[in-house]
Amino acid sequence: MKDFLKYTIATIAGLVSFTAIVGMFGLTALIGLIASSSTTTKISDDSILSISLSGAITEQGEDNIMRRITNDEQPTLGLNDILLAVKNAASEPKVKGIYLEMGPMDASYATLQEIRNALADFKKSGKWVVTYADTYTQAAYYVASVADKVWINPKGMLDWHGLGSKPMFFKDLLAKFGVRYQVVKVGKFKSFTETYTEDKMSDANRSQVSRIVGGTWDNILTAVAKSRKVNRDSLNAYADRMLMFEPTENLMRYHMVDDMMYGDDVKYRIKKMLGIDRDDDINALSISDMLYADEPSSDSGQVAVYYAYGSIVQDGSSSLMSQEHNIVAADVCDDLESLMDDDDVKAVVIRINSGGGDAYASEQLWHQVMKLKAKKPVVVSMGDMAASGAYYMSCAANWIVAQPTTMTGSIGIFAAIPDLSGLMTKKLGVKFDEVKTNRNSNFGNIMARPMSDEEVRIVQGYVNRGYELFRKRVAEGRRQSVQDIEKVAQGHVWLGQDALPLHLVDQLGGLDTAIAKAVTLAKIDEYHITEYPAPTGLADQLLGMMNGGSYIDSQLRTTLGDMYEPFATLRNLNKREALQAQMPIILNMR
């Protein structure tokens, strides 16, 4: 017995000691990360800003501890950080130019358009932009084409093939498991549910997807043709010929690139542009080196930029791993109320990138934006998309700014009720019986049976009322009649450039355009910008990692690719409200 106790106590002591040692090492590493992140880089003469545009680009950047620990070579970039770094580099006299190293990017074209426009503004300062890649994806080349010099590996490739959309349909897959969806909706263009109920696009959906794809490609062609001085017909001809399979030398002949060189020669070319010796080191600054803000003066007004991106949900437990970034209505409403009550905040810009979500949550967000607008100007800046429930939220603002390729509108409502009775009764052999007091007492028992005709009619009335309220909110916000809104509603998704003449948005441009408008509406001369909500701290990130947090979720998204969204939606449908205001999620536009 004594030996047993002795060994047991020794084992426990050993485990405690091991845990303490591991914890000490972890704390030391964490302190090191914090210390390194707070180091200020000195900017020397003849510096350049070096940006590696590769991987995912989100709306708001954060110092991701997991990526730093694992030394991830493809960190998630924040659009806000990229734009601020480029802007600061333009005004910093010691920075002579920008070097872009291009790689595959996970971003939609409205985001890429914002980056491209920022680089074009940078060039107006009289400084240069050069870019290099072993292989340019089409998205990467769209951004890179604005540069003064586009360089490529002598054996490299340039993917230039045009745009195409390949929506996926899961009806037959679901049927193999005995699952189907009963859909009640308003709006002939409200095509979100087609993914789960059809095997091809409806005519209405095909027409709007064709316009989105065609309009986006038209923007790409116009921008590249202007920068590279290549006419649009030639660019289309190159796309038809699948340029990526032609010899690299042809790219110079077609004026798509300016020179060919290997990666180790790039630094010598940059040194020559800087006017320094071949043996000198290039002082290359990273994005984080350029993330500084001017100290606000005592009399300057604060313009709050609030980032709202992801699916609109009532609570925060509806992602695949429960940590994905969402627009959680309760949290966002609290944040906007705080900004409303903060007298230092003179105007609010809400940066929205969302395809919508829960209809009731969208109504709550609309209500909070209305309250905020009653006290100070509110301007919405739309990112890649601000559609359906996200447009519901947006329409309450004083002013709406969108990129030409932003997807917006989608004013419509639906309810998708899963019928799992085939899976349970036929596939798994489960039997059900029932006892009830009233005709519809067992409504919503999706395991046992589909909805009856009477239940469908009841749900249809519920959906109709939601649609009428949505139209009413838009009509009030956009100062139009309900009849006029109906002409552009019906769930129709519009590009920003098409939404402008329809008065669904007020101006084309990016985040800077929205901030400038907010300053004008607030009638302030001096201002400083503060971003909300604050990025997740390192301690919260550690807790998230312990709970299977957003890093794991982002890896699943990367691994599953286009399959992530539909399966995430299927998994979480029982956690979402019955009434949904969402745009189509699977365009697969490449």
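The values are calculated or read from the model by the stated rules, or taken from the named source; none is laboratory data. Note that the structure is predicted; figures quoted are calculated from it, not measured. In this analysis, Cβ positions are derived from the backbone assuming ideal geometry, glycine residues included, and neighbour counts consider all displayed protein chains. Remember, those area values only see protein heavy atoms, side chains included, never the ligands or the DNA or RNA. Shrake-Rupley method; radii C 1.70, N 1.55, O 1.52, S 1.80 Å.
Before moving on, here are some points about what is shown:
- Filter pass, Ser338 being at pLDDT 95 or above and of a type in the set (Gly, Ala, Ser): yes
- Of the residues in the range 358-377, not one is closer than 30 Å to Trp217 by Cβ, at pLDDT 95 or above and buried (at least 18 other Cβ atoms within 10 Å of the Cβ).
- Per the listing Asp264, Asp280, Asp289, the residue uniquely assigned to a helix (DSSP H, G or I), modelled with pLDDT under 95 and open to solvent by 50 Å² or more (accessible area, probe 1.4 Å) is Asp264.
- Met168 fulfils the conditions (1) surrounded by 18 or more Cβ atoms within 10 Å (Cβ to Cβ); (2) under 27 Å from Gly383 (Cα atoms); (3) of a type outside the set (S, T, N, Q); (4) in contact (Cβ under 8 Å) with a residue 40 or more places away in the chain except for a single criterion, (1).
- Conditions (1) open to solvent by 10 Å² or more (accessible area, probe 1.4 Å); (2) farther than 25 Å from Asp512 by Cβ; (3) among the polar types (S, T, N, Q); number of the one not met by Ser338: (2)
- Residues in the range 37-53 that are in contact with a helix residue (DSSP H, G or I) (Cβ under 8 Å, 6 or more places away or on another chain) and modelled with pLDDT of 90 or more: Asp46, Ile48, Leu49, Ile51, Leu53.
- Counting only helices (runs of 4 or more DSSP H) that sit completely within the range 503-562, those holding 3 or more residues that are modelled with pLDDT under 60 and either open to solvent by 40 Å² or more (accessible area, probe 1.4 Å) or farther than 22 Å from Ala396 by Cα (or both) correspond to 538-546, 550-560.
- Filtering the range 390-408 to residues that are more than 17 Å from the chain's Cα centre (by Cα) and open to solvent by less than 10 Å² (accessible area, probe 1.4 Å) leaves Tyr392, Cys395, Ala396, Ala397, Ile400.
- Residue satisfying all of: in the range 198-232; assigned to a helix (DSSP H, G or I) and touching a His at 6+ places or on another chain (Cβ under 7 Å); modelled with the highest pLDDT among these: Arg228
- When residues of the range 222-252 are limited to those that are of a type in the set (A, V, I, L, M) and free of Cβ contacts under 8 Å to residues at least 24 places away in the same chain, the one surrounded by the fewest Cβ atoms within 10 Å (Cβ to Cβ): Ala237
- Test result for Ala514, touching a strand residue (DSSP E or B) at 6+ places or on another chain (Cβ under 6 Å) and under 26 Å from Ala110 (Cα atoms): yes
- If only residues of the range 441-492 that are aliphatic (A, V, I, L, M) and modelled with pLDDT of 95 or more are counted, the one that is surrounded by the most Cβ atoms within 10 Å (Cβ to Cβ) is Val474.
Residue-wise test of (1) within 30 Å of Val380 (Cβ to Cβ); (2) free of Cβ contacts under 8 Å to residues at least 24 places away in the same chain; (3) of a type in the set (A, V, I, L, M).
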site	(1), (2), (3)
Lys426	no, no, no
Asp433	no, yes, no
Asn440	no, yes, no
Arg457	no, yes, no
Val463	yes, no, yes
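- Odd one out for Tyr268 among (1) more than 21 Å from Asp134 (Cβ to Cβ); (2) without any contact (Cβ under 8 Å) to a residue 24 or more places away in the chain: (1)
- Residue satisfying all of: in the range 91-106; among the small types (Gly, Ala, Ser) and open to solvent by less than 30 Å² (accessible area, probe 1.4 Å); nearest to Ser145 (Cα to Cα) among these: Gly103
- So Ile82, is it at pLDDT 95 or above, surrounded by 21 or more Cβ atoms within 10 Å (Cβ to Cβ) and not charged (D, E, K, R): yes
So that you can scan it fast, the table gives a plain yes or no per residue for (1) under 18 Å from Glu101 (Cα atoms); (2) crowded, with 19+ Cβ neighbours inside 10 Å:
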{"residue": "Val146", "(1), (2)": "yes, yes"}
{"residue": "Leu158", "(1), (2)": "yes, yes"}
{"residue": "Gly178", "(1), (2)": "no, no"}
{"residue": "Lys200", "(1), (2)": "no, no"}
{"residue": "Ile220", "(1), (2)": "no, yes"}
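- Some residue of the range 184-197 being farther than 27 Å from Ala387 by Cβ and either in a loop (DSSP other than H, G, I, E, B) or among the small types (Gly, Ala, Ser) (or both): no
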